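Right, one structure below, let's go through it.
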Amino acid sequence: MSTRQIVIEIPEKVLVADKTDIKTFGQELTTLAAIKLYELGRLSSGRAAELAGMSRVEFLLTLRHYKVFPLESELEELEDLHA
């Protein structure tokens with residue numbers, strides 16, 4: 001899989017205010033971007049999960065934490081997997 005890197009400058013004060021380290025902040029930022037792009041319909045759940053660095057099922061389950069709901073067909077598929 002080919003990847004590209006994007007560099008984002010984060011002021012140190014942001015990390016201090018969030019009480020986090022750069023690695024944790026970066027992972028959360030990537031996850032939030034994946035969730036928002038999914039929510040906007042710009043990425044499928046599979047591609048968003050790939051961006052977030054998790055499985056599709058894990059991604060779909062993570063959406064609840066951020067109050068974003070999966071598409072109906074994906075919700076049914078998730079329920080079938082956990083039945």
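Annotations for the structure displayed:
- For the chain, a simple Cβ point-charge model (Lys and Arg +1, Asp and Glu -1, everything else neutral) yields a dipole of about 380 debye relative to the Cα centre.
- Our Cα-only numbers for the chain put the radius of gyration and Dmax at 14.5, 46 Å.
- All other residues whose Cβ lies under 10 angstrom from that of Ala49 are scored, Lys and Arg at +1 and Asp and Glu at -1, for a net of 0.
- Exposure proxy ranking for Ile35, Ile8, Ile22, based on other Cβ atoms within 10 angstrom of each Cβ and starting from the fewest, stands as Ile8, Ile22, Ile35.
- Nearest-0.05 FRET efficiency for Val14 and Glu58, computed from C-beta distance (R0 25 Å): 0.40
- Farthest towards the positive end of the charge dipole of the chain, among the residues Leu15, Phe25, Pro70, is the Cα of Leu15, using unit charges on the Cβ of Lys, Arg, Asp and Glu.
Here, each number is a calculation from the coordinates, and none is a lab measurement. Just so it is clear, the model here is predicted, and its values are computed rather than measured. Every residue, glycine as well, gets a Cβ built from its backbone with ideal geometry; the counts of neighbours run over all protein chains shown.
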